[in-house]
Amino acid sequence: MQGLAHHLLACSELQQPNESSLMMCRNHYQQELQRRHLPTLWEIPDPMWLSIQPLFPPEKAPGTDGRPAIPFRTVLNGILYVLRTGCQWKAAPARFSSGSTLHRRLQEWEQAGSFAAILARLLRLYDQVRGIDWQWQSADTKLLPAPLGGTATGPNPTDRAKSGTKRHLLIDGNGARLGLHLSGANRPDMQGLADLLSAGLIIPRPKPTRRKRQHLCLDKRYDYDTIDELLSRLGYTAHIGRRGQVDQPGIGETSKPPRRWKVERTISWMNNMRKLRTRWEKKAENYQALCMLSAALILHRLILLG
């Protein structure tokens, strides 16, 4: 009852309480109680592993000569541990094998295209179960420090020219990642968006039609004529926050439902993986592989929870 009272109090602060509004709050509270919750994933779950196991290179057969091979699932759990905790590779627990083995397997699987294949397979599975919302897409950019430099980094103009990188993200209407692209911190966002919508897509984008239009929501940093021309050429219906425009609707104006907040939520989900908050990998491919693994975990949750 304490949770219900707190929920009703929050509703009463938004508007004058009446019988119908209190009933809606009670129904919403009951729906929240019935909502399925998943614990934090510290290991690859069985259904996900059965789906992605064929995408890895063949494992070393047991009984062959040489040192015994570490099972791939154990190594992948170790990479997930580093991804979640943000620890150094050599600080990974010994039950996952050595840190050098984890890092070496990460690079081998990235070069073999395993992480890209995992993300593409889970995205297609998500499309079969939940359906990709191509109608309302959103994109945004996250600026991150990259103290060690490396590829796809540059001087950050907002942080005394320290080394940094930009993580460009494209999601569907539910928050599932559709594209990812890395660029230097000194590269304009509008150039990164062009690469994101072309080479950064995970699976091919269906062609929009008059009946099935595709909308793209962007904030005011993309308010350029070149962006309008790019989106028009790609068949998007642009929804861009304009500089100097008041976000709140005026009296008598129709209020539009907010949609771009979901890309901010997905960025927050990614930042829950502490290894992604600061880019310590010099190779952009290694950092992108970690981003793909985090996206695969998010897709797994979206498949189960919607």
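Within the stretch 38-52, residues that are over 17 Å from Val82 (Cα atoms) reach partners that are small (Gly, Ala, Ser) and outside any loop (DSSP other than H, G, I, E, B) with beta carbons closer than 9 Å, at six or more positions or on different chains, in the pairs Met48/Ala296; Ile52/Ser114; Ile52/Ala117; Ile52/Ala296. Taking first residues from the stretch 193-220 that are in contact (Cβ under 8 Å) with a residue 24 or more places away in the chain and farther than 15 Å from Asp133 by Cβ and partners that are in a helix (DSSP H, G or I) and of a type in the set (Val, Ile, Thr), the Cβ contacts under 8 Å between residues at least 6 apart in sequence or on separate chains come to Leu193/Ile227; Leu218/Ile227.
Only residues that are part of a loop (DSSP other than H, G, I, E, B) and of a type in the set (Ser, Thr, Tyr): list them for the stretch 59-85, please. Within the stretch 59-85, just Thr64 meets the criteria. Considering the conditions (1) touching a strand residue (DSSP E or B) at 6+ places or on another chain (Cβ under 9 Å); (2) farther than 30 Å from Cys87 by Cβ, Gly192 is excluded by exactly one of them, (2).
Taken together, the values in this text are just the output of simple stated rules run on the coordinates, not laboratory data. The structure presented is a predicted model; accordingly, all values stated were derived computationally and were not measured. Every residue, glycine as well, gets a Cβ built from its backbone with ideal geometry; the counts of neighbours run over all protein chains shown.
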